[in-house]
1. Within the range A:86-103, restricting attention to residues that are small (Gly, Ala, Ser) and within 7 Å of chain B (Cβ to nearest Cβ), which residue is farthest from A:LEU153 (Cα to Cα)?
2. Quick one: which residue in A:ALA14, A:ALA20, A:ALA42 is among the hydrophobic types (A, V, I, L, M, F, W, C), surrounded by 22 or more Cβ atoms within 10 Å (Cβ to Cβ), in contact (Cβ under 8 Å) with a residue 24 or more places away in the chain and assigned to a strand (DSSP E or B)?
3. Scan the range B:255-306 for residues that are within 14 Å of another protein chain (Cβ to nearest Cβ) and among the basic types (Lys, Arg) and jot them down.
4. Within the range A:130-151, track down each residue that is surrounded by fewer than 22 Cβ atoms within 10 Å (Cβ to Cβ), hydrophobic (A, V, I, L, M, F, W, C) and outside any helix (DSSP H, G or I).
5. Give the range A:104-121 a look and list any residue that's in contact (Cβ under 8 Å) with a residue 12 or more places away in the chain and within 10 Å of chain B (Cβ to nearest Cβ), or say none.
6. Select, from B:GLY184, B:GLY203, the only residue that is without any contact (Cβ under 8 Å) to a residue 60 or more places away in the chain and either under 22 Å from B:LEU65 (Cβ atoms) or outside any helix (DSSP H, G or I) (or both).
Amino acid sequence: MTETLLKIERLTKAYPGVVANDNVSFDIGVGEVHALLGENGAGKSTLVKMIYGLVKPDSGTMTLRGTPFAPAEPRAARADGIAMVFQHFSLFEALTVAENVALGMEDPPQMRDLARRITEVSEAYGLPLDPSRIVGDLSAGERQRVEIIRCLLQDPKLLIMDEPTSVLTPQEVEILFQTLRKLSSEGTAILYISHKLEEIRALCDNATILRLGKNVGTCVPRDTTAKEMAELMVGGTLQIPTRKPGEVGEIAMEISGLSVPSPSEFGTSLKDVSIQVRAGEILGVGGVAGNGQDELLGVLSGEILSAPDAVQLHGQPVGRLGPVARRRLGLLAAPEERLGHAAAPNMSLTENALLTGAVREGLERNGFLSWPKAKTFAERIIETFDVRTPGPENAARSLSGGNLQKFVIGREVLQRPEVLVVNQPTWGVDASAAAAIRQALLDLAQKGTAVICISQDLDELMEISDNFAALTEGRLSPPRAAAGLTVEQIGLMLGGAHGMEVAHIDTAEART
Amino acid sequence: MDLSAINPILLLASLMVAATPILLAATGELIAEKAGVLNLGVEGMMIFGAICGFATAVETGSPWLGFLAASVGGAVLSLLFVILTQLALANQVASGLALTLFGLGLSALLGQGYVGVKPPPTPDLHIPGLSQIPFVGEILFTHDVVLYFSIVLVALVWLFLRSTRAGLILRAVGENHDAAHALGYKVVLIRSLAIVFGGACAGLGGAYISLVRVPQWTEGMTAGVGWIALALVVFASWRPWRVLIGAYLFGGITVLQLNLQAAGVAIPVEYLAMSPYIITIVVLVLLSRDKARAPAALGRIFHASS
């Protein structure tokens with residue numbers, strides 16, 4: 001084992017009513033890629049926040065290169081060479097990429113020099129990014145690049161990555177891994193949090209597993225199967241989604257030759273998109289975020305209106321109907337962005353249940369709301385989908401990402417949709433919850449719902465889809481049967497890694 | 001009706017004087033709002049600055065000490081807003097309204113002995129050479145230092161927001177205080193400083209009314225200028241130079257309509273009196289048709305819970 005970089009001993013942090021970390025100890029070596037595993041709410045985020053100086057531990061010590069390490073604030077942690085890529089992006093939407101990067105640096109150079117360095121580093125690591133763009137107009141994947149580049153420019157000794165790959169395509173993940181391996185070989189340690197166990201097996205040297213705030217074990221991911229790791233995390237056996245063969249029926253949803261401009265200035269316009277989904281079929285739509293996913297969801301859900309005949313539900317034109325009218329007809333959608341799009345952050349779960357469920361669940365009558373019914377509906381979602389919350393009166397904001405995701409997907413699934421459109425249904429959700437969500441989608445299809453699942457997670461799409469189509473630069477490929485499709489074929493459908501280049505290792509070395 | 005009674009040189013010169021109080025107050029409020037703080041107490045801070053400046057100038061005989069006292073007074077009153085909204089986490093709208101009412105009342109109390117008193121005159125700065133230029137020189141270069149300072153201040157604020165690190169941090173705090181906190185920036189401190197700056201500017205603007213524009217003291221003499229300044233910031237899309245345009249437009253039309261009234265134009269006085277408000281708003285609405293957006297965290301309470 002190499003020299004120890006960071007030694008964590010008996011770290012404990014309690015919040016009212018919950019012990020987030022309970023006597024957690026582990027070491028990270030110089031240049032080691034260390035995985036931190038655990039379900040949503042296992043205390044991973046609290047632990048890394050303590051290392052990054054955002055949260056003060058109640059007790060326990062940290063030692064960095066042999067000297068006591070107790071960062072009072074992130075600035076101190078950054079000065080000691082610790083950088084962090086956040087799970088919930090800590091970006092400023094109204095500012096440009098360069099300005100966002102500058103804010104995360106202690107001593108940023110002049111804007112012009114900084115813009116040049118951003119371009120250099122982004123090209124060196126295959127993460128193309130225009131420094132002058134406004135972050136608010138970037139896709140989730142592009143936003144993450146901003147965060148990663150912000151860290152890389154600081155030349156960190158320890159890079160903390162909280163769920164870095166949840167929004168990336170396999171090609172992007174591979175390039176990210178090349179970047180991380182290169183960093184690791186240069187002596188940068190990486191603390192890596194992810195739910196994707198196969199990725200951890202491919203990347204990480206060691207893993208520490210947390211369950212309910214306690215360190216419940218360590219393993220060497222290369223020598224451990226994903227199933228074993230998942231079971232260590234859950235503390236029991238893992239249910240793998242299974243599908244029973246169902247009947248595929250009539251065409252439920254049809255889009256023919258639709259082109260619409262994107263409402264966002266930097267969005268991707270849809271070009272000549274055609275979709276046919278039959279009852280009981282799951283259509284997987286793959287592709288890198290920012291290639292028209294949001295627009296496709298908007299067109300399907302009714303947020304973006306189109307010509308009446310361009311979108312048809314059971315042969316009925318619905319192109320000019322808004323989301324509520326489409327919901328009434330059985331076309332439901334769950335968008336990607338949990339806070340702010342799928343759920344209203346400051347409203348309670350009951351209110352959020354009402355917001356999309358009012359029409360189909362009969363939660364309103366003559367404009368008056370039925371709170372008891374809404375509460376029952378919210379409680380049913382919480383119970384059916386194992387949403388961990390004290391009760392439906394809690395604000396959506398207070399739930400962890402994975403739990404809220406279960407809630408927003410469950411809310412649509414329980415409304416007996418005839419067509420359900422989901423975008424990134426398991427983003428940032430742990431293995432067992434992701435399995436539950438996928439199982440719910442499969443069950444829904446089996447009962448005759450047509451499901452369109454837009455996702456960047458190709459493993460997920462291969463697991464649940466009947467047919468697969470790729471969305472690139474606003475164009476949708478013709479669908480192909482998912483069974484038997486190889487990674488290479490999918491890569492071809494996606495047209496390679498869009499705008500991605502393999503890291504120019506030479507340039508990267510020239511930088512250091 | 002006799003339009004020839006309107007002297008264009010005097011008109012344009014007094015336009016700048018009329019605009020300066022609004023410009024000062026709006027520039028200060030712009031900084032506060034860019035930091036994510038909605039301070040509706042501008043009117044209160046202005047009138048408080050007006051009486052502080054007036055009283056000090058009368059007692060000491062120095063208008064400069066008056067202006068200094070006015071900024072200090074405005075800043076001190078804004079500290080009350082800091083305590084309420086940044087430390088006690090009170091609602092910003094309610095606190096701002098309270099500040100305005102408090103400032104109006106307090107200034108009336110302090111100003112009781114000063115009604116009818118004449119303040120020492122604020123000397124005009126006749127810039128040698130430039131002020132001799134016919135027409136333009138008389139309009140632009142025969143004013144007092146505070147007026148020039150207000151224009152320089154707009155330029156400084158623009159430069160600060162656009163190209164300094166501190167300005168970037170200020171904007172970041174106004175945009176997403178949670179992310180700024182996560183990066184280790186002191187949200188409450190930065191916002192408090194922005195509020196105090198806004199208070200000082202508003203106080204200075206108030207004193208400009210009582211020492212230069214009118215110059216005398218009457219209760220409630222700011223007469224809504226603080227509210228106009230608040231509206232200007234919004235309609236100017238939080239951009240310093242647009243605030244300047246808006247303030248001069250408003251000042252200009254105010255002066256013009258007074259002149260038109262004096263000249264006996266056959267338009268009812270009420271229409272003339274409302275014209276500055278309408279025209280300023282229409283012009284700025286047209287200007288702000290581009291993707292203008294308020295600072296995302298504007299008016300939201302920040303509490304460092306993680």
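1. Of the range A:86-103, the ones small (Gly, Ala, Ser) are A:90, A:94, A:98, A:102.
Imposing the further condition that a residue be within 7 Å of chain B (Cβ to nearest Cβ) reduces the set to A:90, A:94, A:102.
Numbers: A:SER90: 16, A:ALA94: 22, A:ALA102: 10 Å.
By that ranking, first place goes to A:ALA94.
2. Values: A:ALA14 fails: surrounded by 22 or more Cβ atoms within 10 Å (Cβ to Cβ); A:ALA42 fails: assigned to a strand (DSSP E or B).
After applying the criteria, what remains is A:ALA20.
3. B:LYS291, B:ARG293, B:ARG300
4. The answer is A:ILE134, and nothing else.
5. Scanning the range A:104-121 gives A:GLY104, A:MET105, A:GLU106, A:MET111.
6. Values: B:GLY203 fails: without any contact (Cβ under 8 Å) to a residue 60 or more places away in the chain.
So the residue among B:GLY184, B:GLY203 that is without any contact (Cβ under 8 Å) to a residue 60 or more places away in the chain and either under 22 Å from B:LEU65 (Cβ atoms) or outside any helix (DSSP H, G or I) (or both) is B:GLY184.
Table: residues versus (1) closer than 26 Å to B:GLY299 by Cβ; (2) more than 12 Å from chain A (Cβ to nearest Cβ).
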{"residue": "B:LEU140", "(1), (2)": "no, yes"}
{"residue": "B:VAL146", "(1), (2)": "no, yes"}
{"residue": "B:ARG165", "(1), (2)": "yes, no"}
{"residue": "B:ARG171", "(1), (2)": "yes, no"}
{"residue": "B:GLY174", "(1), (2)": "yes, no"}
{"residue": "B:LEU189", "(1), (2)": "yes, yes"}
{"residue": "B:SER192", "(1), (2)": "yes, yes"}
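For (1) of a type in the set (Phe, Trp, Tyr); (2) in contact with a Phe, Trp or Tyr (Cβ under 8 Å, 6 or more places away or on another chain); (3) farther than 19 Å from B:SER210 by Cβ; (4) crowded, with 22+ Cβ neighbours inside 10 Å, each residue gets a yes or a no:
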position: B:GLY28; (1), (2), (3), (4): no, yes, no, yes
position: B:ALA32; (1), (2), (3), (4): no, yes, yes, yes
position: B:MET45; (1), (2), (3), (4): no, no, no, yes
position: B:PHE54; (1), (2), (3), (4): yes, yes, no, yes
position: B:THR60; (1), (2), (3), (4): no, no, no, no
position: B:LEU97; (1), (2), (3), (4): no, no, yes, no
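The values are calculated or read from the model by the stated rules, or taken from the named source; none is laboratory data. Model, not experiment: these values are computed from the prediction. Every residue, glycine among them, receives a Cβ derived from its backbone with ideal geometry; neighbour counts consider all protein chains shown.
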